[in-house]
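Participant: Just dropping this structure here.
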Amino acid sequence: SPPPSQGTGALFRIRLAGGVAPCTYLSPQDPRPLCHPAIDRALQLSGAGGPPHVKLTVEWDVSTKERLFGSLQEEVVQDAESVQRQQQAHGQQHSCTLDECFQLYTKEEQLAPDDAWRCPHCKVPQQGTVKLSLWTLPDILIIHLKRFRQVAEQRHKLTTLVRFPLRGLDMAPHVAQRGQPGGQLLGRWAPWQPPLRLPAGCPRDHLYDLYAVCNHHGSMQGGHYTAFCCNALDGRWYSYDDSRVEGVREAEVSTRSAYILFYQRRHA
């Protein structure tokens, strides 16, 4: 049956699903309804495991929906070919490097317009950027990989292969840049802020060697933990699975089950 004569806004409402704002409605009458600050924020917060994406829910007026669709079969909408390709790519197990994980973690992000901050110098709201950097590095570096992806109210485990080095992990590119040749000042600071300096005696060694890996096998609902550890006496790697211990080759240490990585500063 033909749609009613009233405007599109009376037929349904488009709601942005997910955790950012539970009741964020977009205007279906807007020719570009996706150009909305809430959409930008949701895209920035979308987890790993595929290209950035958002989930939209169409809330129909019940009487209008019954007039438009006579049966449940008529409600089924076939996905476009581009959507099917993205779904296939999502389902494929891909891989990345530990260095790429740090690059994404410290990547500069543009704040949404509604997150503008008041500049203390010119007193005018500014749309700024935010960037995380590592200030100093510890002798023991423990890296916890995020192994889940939030989809609406559900969490799904990620089994992406993160390739990490057993020796010579260089953390120098991920530490805050020194502004002076002597390496004392960190970053560029506004004129009203005092310069921040590194603690006295802070080590400049950024190379790390792996000595243990915690593995998780299973799903978000349950599973089993094992470990790979490097014996400090003979330099060989061993697998620990409850009471079972056996030697493993170095090529077998980096797996899709890796969950927590334990590194030690080389010259600590």
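The values are calculated or read from the model by the stated rules, or taken from the named source; none is laboratory data. Here the structure is a predicted model, which is why all the values come from computation and not from measurement. Note that each Cβ is placed from the backbone with ideal geometry, even for glycine, and that neighbours are counted across all protein chains shown. The accessibility values were calculated without ligands, DNA or RNA, using every heavy atom of the protein model including side chains. Shrake-Rupley method; radii C 1.70, N 1.55, O 1.52, S 1.80 Å.
Participant: Residue under question is residue 48, and the condition is that it be surrounded by 13 or more Cβ atoms within 10 Å (Cβ to Cβ), at pLDDT below 75 and of a type in the set (Gly, Ala, Ser); does it hold?
Facilitator: Details: surrounded by 13 or more Cβ atoms within 10 Å (Cβ to Cβ): yes; at pLDDT below 75: yes; of a type in the set (Gly, Ala, Ser): yes.
Yes; evaluated as a whole, the condition is true for this residue.
Participant: Related question: In region 120-167, how many residues are free of Cβ contacts under 8 Å to residues at least 24 places away in the same chain and part of a loop (DSSP other than H, G, I, E, B)?
Facilitator: Applying the first criterion (free of Cβ contacts under 8 Å to residues at least 24 places away in the same chain) to region 120-167 yields 122-130, 153-154.
Next, from what is left, pick out any that are part of a loop (DSSP other than H, G, I, E, B): 122-124, 127-128, 153.
Within region 120-167, residues that are free of Cβ contacts under 8 Å to residues at least 24 places away in the same chain and part of a loop (DSSP other than H, G, I, E, B) number 6.
Participant: Which condition does residue 255 not pass, out of (1) surrounded by 12 or more Cβ atoms within 10 Å (Cβ to Cβ); (2) over 16 Å from residue 145 (Cα atoms); (3) not acidic (Asp, Glu), if it passes all the others?
Facilitator: Condition not satisfied by residue 255: (2).
Participant: Let me ask something else about it. Restricting the search to region 238-250, which residues are free of Cβ contacts under 8 Å to residues at least 24 places away in the same chain, open to solvent by less than 80 Å² (accessible area, probe 1.4 Å) and within 30 Å of the chain's Cα centre (by Cα)?
Facilitator: 239, 241
Participant: Oh, and also: Can we say residue 129 is among the hydroxyl-bearing types (Ser, Thr, Tyr), open to solvent by 30 Å² or more (accessible area, probe 1.4 Å) and either at pLDDT 90 or above or within 30 Å of residue 257 (Cβ to Cβ) (or both)? Walk me through it before giving the result.
Facilitator: Details: among the hydroxyl-bearing types (Ser, Thr, Tyr): yes; open to solvent by 30 Å² or more (accessible area, probe 1.4 Å): yes; either at pLDDT 90 or above or within 30 Å of residue 257 (Cβ to Cβ) (or both): no.
No; evaluated as a whole, the condition is false for this residue.
Participant: Among the numbered conditions (1) modelled with pLDDT under 75; (2) assigned to a loop (DSSP other than H, G, I, E, B); (3) within 18 Å of the chain's Cα centre (by Cα), tell me where residue 3 comes up short.
Facilitator: Among (1) modelled with pLDDT under 75; (2) assigned to a loop (DSSP other than H, G, I, E, B); (3) within 18 Å of the chain's Cα centre (by Cα), the lone unmet condition for residue 3 is (3).
Participant: Looking at (1) assigned to a loop (DSSP other than H, G, I, E, B); (2) at pLDDT 75 or above, can you tell me which one residue 40 breaks?
Facilitator: The failed condition is (1).
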